[in-house]
Amino acid sequence: MNTAALAFQDHDYGITTIDAAYVRPGLAAIHLLRENNHAMLIDTGTSYSVPGILDVLKTKNLSPQQVEYIVVTHVHLDHAGGAGALMQVCPQAKLIVHPRGAQHMIDPARLIIGTQAVYGEKKFQRLYGDIPKIPEARVIQADDTYELDFHGRELLFLDTPGHALHHFCIFDHSSQSLFTGDTFGLSYRGFDQNTNNKQGAFVFPATTPIQFDPGALHASINRLLSYPAKKAYLTHYGEVTELPRLAKNLHQLIDEFVRITGEIALAHAQDKQQRHTLLVQALSDYLITRLQAHGCQQSKQQIQNQLAMDIELNAQGLENWWDKTQAMHH
């Protein structure tokens, strides 16, 4: 695994996007919040991201002792896999986690087994490495509207289910920005357009297994927009603006994903394998069409290469949601 220096980008208000070096550059981010000589990390990447995080801190003349909080927006391993290893090297840090995710950080055994079931043991080891336990005494469980005064910087934690039940987002009053994990979707910088007729970022929802809930996700997006935020910092990936436009697109895409899933699932109720293959294809076609309408000049193959992993996971999450919903109705 490449643990070379991680790429990073500085923003206003002491915010830095650090590349987690997960799967490919520009896929997963860690956000550093600096308030004078105090540091906080929001999302952690994986255990393999830790040496690079320490390098970035060093570049900024921050020691691991100055990291006071490590925050995980939710406990999916591209966001929280590095938390245990990071807590070991940042002796003063407290971990802030959603109450539903806390136990998985204190004892990650079930989380590891669940993720290994998705990826297999070899791929799991290659992607995530070791996941140490975190002592319960160092864990803060942030309930809905939990407020943290980070050296005069007011941070508000908001329970935002829809992508996962153990997900919160953070509103930072100082910078008027949101740290949204996966609740406000995925937006890769390679798809940004800055031509006259098309502006800015392209965003799409993360409907990954196993707790996707369209109604809850719509509500969480609306809730985020009720705060006076000018920017959002996404784990996938970095800073976006124009939040009302992006939110509108997210709402449309959630509904479209659900519609596509229903159509395919009803037509192929007997054959789950066929259903999955067709759903992946349909989501892929739909996103390519949307990206082309957004002004993206990349070839279909280039787009597909960047989105293949997300589409596969999104399809699994949508099917999971569909099967659960059907079971409840019968």
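From the list N314, N320, which residue is within 21 Å of the chain's Cα centre (by Cα), part of a helix (DSSP H, G or I) and more than 17 Å from L253 (Cβ to Cβ)? It would help to see each step written out before you state the result.
Values: N314 fails: more than 17 Å from L253 (Cβ to Cβ).
Going through N314, N320 in turn, the sole match is N320.
Taking the options I254, I210, I221, I170, name whichever one is exposed (fewer than 14 other Cβ atoms within 10 Å of the Cβ) and within 25 Å of Y22 (Cβ to Cβ). Even if it seems obvious, please write down each step before you answer.
On the way: I254 fails: exposed (fewer than 14 other Cβ atoms within 10 Å of the Cβ); I221 fails: exposed (fewer than 14 other Cβ atoms within 10 Å of the Cβ); I170 fails: exposed (fewer than 14 other Cβ atoms within 10 Å of the Cβ).
Testing whether each residue is exposed (fewer than 14 other Cβ atoms within 10 Å of the Cβ) and within 25 Å of Y22 (Cβ to Cβ) leaves just I210.
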* Qualifying residue in the stretch 241-263 (condition: in contact with a strand residue (DSSP E or B) (Cβ under 6 Å, 6 or more places away or on another chain) and not aliphatic (A, V, I, L, M)) -> yes
* What pairs can you find where one residue is in the stretch 36-59 and on the phi < 0 side of the Ramachandran plot and open to solvent by 10 Å² or more (accessible area, probe 1.4 Å), the other is basic (K, R) and modelled with pLDDT under 95, and their Cβ atoms are less than 6 Å apart, with a gap of 6+ or different chains? -> none
* **Scope the stretch 275-330; condition open to solvent by less than 20 Å² (accessible area, probe 1.4 Å) and of a type in the set (F, W, Y); matching residues** => none
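Could you tell me whether any residue of the stretch 54-61 is under 25 Å from A102 (Cα atoms) and under 13 Å from the mean Cα position of the chain (by Cα)?
no
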* Asked: When both residues are 6+ apart or on different chains and their Cβ atoms are under 8 Å apart, which pairs have a first residue that lies in the stretch 143-167 and is open to solvent by 10 Å² or more (accessible area, probe 1.4 Å), and a second that is in a loop (DSSP other than H, G, I, E, B) and among the charged types (D, E, K, R)?
  -> D159/D143; D159/D144; P161/D213; L165/R100; H166/R100
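So which helices (runs of 4 or more DSSP H) stay within the stretch 51-147 end to end and still have 2 or more residues that are β-branched (V, I, T) and out of contact with any Lys or Arg (no Cβ under 8 Å at 6 or more places or on another chain)?
Details: elements: 77-80, 83-89, 102-106, 109-119, 121-128.
The helices (runs of 4 or more DSSP H) meeting that bar are 109-119.
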* Would you check if L243 is in contact with a Pro (Cβ under 7 Å, 6 or more places away or on another chain), at pLDDT 95 or above and open to solvent by less than 60 Å² (accessible area, probe 1.4 Å)? => no
* To do: Give, as residue ranges, the strands (runs of 3 or more DSSP E) completely inside the stretch 3-48 that count at least 2 residues that are among the aliphatic types (A, V, I, L, M).
  => 15-19, 29-35, 38-42
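The values are calculated or read from the model by the stated rules, or taken from the named source; none is laboratory data. Bear in mind that the values here come from a model prediction, so they are computed numbers and not experimental data. Heads up, the Cβs are rebuilt from the backbone with ideal geometry, glycines too, and the neighbour counts pull from every protein chain shown. Keep in mind that these areas ignore ligands, DNA and RNA; they rest on the heavy atoms of the full protein, side chains included. Shrake-Rupley method; radii C 1.70, N 1.55, O 1.52, S 1.80 Å.
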